[in-house]
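Enquirer: Quick one: the structure is below, and I'll ask about it shortly.
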Amino acid sequence: MFIGTTYNSIDGKNRMIVPQKYREELGSQFYLTRGMDKCLYIYKEEDWLEKAEKIKKLPEMDRKVRLFKASFFGSAQLCNFDSQGRISIPANLKIFAEINKELITVGSMDKIEIWAKEVYEGDLEGQVLEEALSFDELIKYDI
């Protein structure tokens with residue numbers, strides 16, 4: 001399970017170091033794709049395949065489903081680490097997540113979220129936290 005928050009950056013060749021605490025759990029191959037709220041997601045290969053099977057079962061006749069699949073899978077790439085534990089972030093994902101230089105990498109249970117520092121601090125620590133479920137509201141989900 002991925003937990004914790006790390007501050008890092010992206011270099012001039014669009015590479016970022018994935019925090020050491022996540023690398024072993026990710027394994028040799030993993031997937032990078034668009035996330036929600038202007039962040040990127042990294043999934044372990046087995047979690048990616050499990051998610052893909054669930055998404056495959058969604059109704060193909062629903063236009064929103066088709067658009068979601070095109071966005072989620074169309075922006076995805078299979079990744080592995082270079083010798084220094086880095087991955088490359090493609091230009092389309094860098095633009096989507098509004099990444100310039102500074103990053104915040106967040107463990108989010110079954111995935112890793114990559115945020116531009118400005119977006120994370122502006123959105124997540126501001127208005128988004130006001131919209132998040134409270135611990136009291138989790139009761140309705142039997143958690």
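No value in this document is a laboratory result; all are computed from the given coordinates. All of these numbers come straight from a predicted model, not from anything done at the bench. All Cβ positions, even for glycine, are placed from backbone atoms using ideal geometry, and neighbour counts span all protein chains on display.
Enquirer: Pulled fully out, how much extra length does the chain show between E118 and I139, if you take 0.36 nm times their separation in residues and subtract their Cα-Cα distance? Spell out each step's value before the answer.
Expert: Working: separation 21, 0.36 × 21 = 7.56 nm, distance 3.25 nm.
That pair, E118 and I139, stretches by 4.3 nm at full extension.
Enquirer: Oh, and also: Once the chain is represented by equal point scatterers at the alpha-carbon sites, with solvent omitted, what log10 I(q)/I(0) does the Debye formula produce at q = 0.12, 0.15, 0.17 Å⁻¹?
Expert: -0.53, -0.83, -1.04
Enquirer: In the chain, what percentage of the DSSP-assigned beta bridges are antiparallel, given to the nearest 5? Can you show the working numbers first?
Expert: On the way: 28 of 28 bridges.
Approximately 100 percent, going by the DSSP bridge assignments.
Enquirer: Next question. Please compute, for the alpha-carbon atoms of region 41-107, the extent along each of the three principal axes and give them in descending order in Å.
Expert: 43, 26, 19
Enquirer: Students often get this wrong: which residues of region 16-40 have the backbone nitrogen under 16 Å from the point 7 angstrom along Cα-to-C-beta of L78?
Expert: What the label zone holds, given the 16 Å backbone N cut-off, is 27-33.
Enquirer: So if I place +1 on the C-beta of Lys and Arg and -1 on the C-beta of Asp and Glu, and nothing else carries charge, what would the dipole magnitude of the chain be about its Cα centre? I want it in debye, nearest 20.
Expert: Numbers: 21 positive and 25 negative charges, 158 e Å.
Result for the chain is approximately 760 debye, rounded to the nearest 20.
Enquirer: Whole-Hz Karplus ³J(HN,Hα) for region 51-68, in order, using 6.51 cos²θ - 1.76 cosθ + 1.60 and θ = phi - 60°, x for Gly and Pro?
Expert: Coupling constants for region 51-68: 4, 4, 5, 5, 5, 4, 7, 5, x, 5, 6, 7, 4, 4, 5, 4, 5, 4 Hz.
Enquirer: Related question: Let me have the 222 nm mean residue ellipticity of the chain computed from DSSP H runs of 4+ only, each contributing -39500 (n - 2.57), with the sum over all residues rounded to the nearest 500. Walk me through the numbers on the way to the answer.
Expert: Details: 4 runs with 37 residues, N = 143.
One gets -7500 deg cm²/dmol as the mean residue ellipticity at 222 nm.
Enquirer: Between G35 and residues 5 or more places away or on another chain, which pairs have amide H atoms under 5 Å apart, with H built 1.01 Å from N, and which residues are they?
Expert: Distant-sequence amide H within range of G35: L40, Y41.
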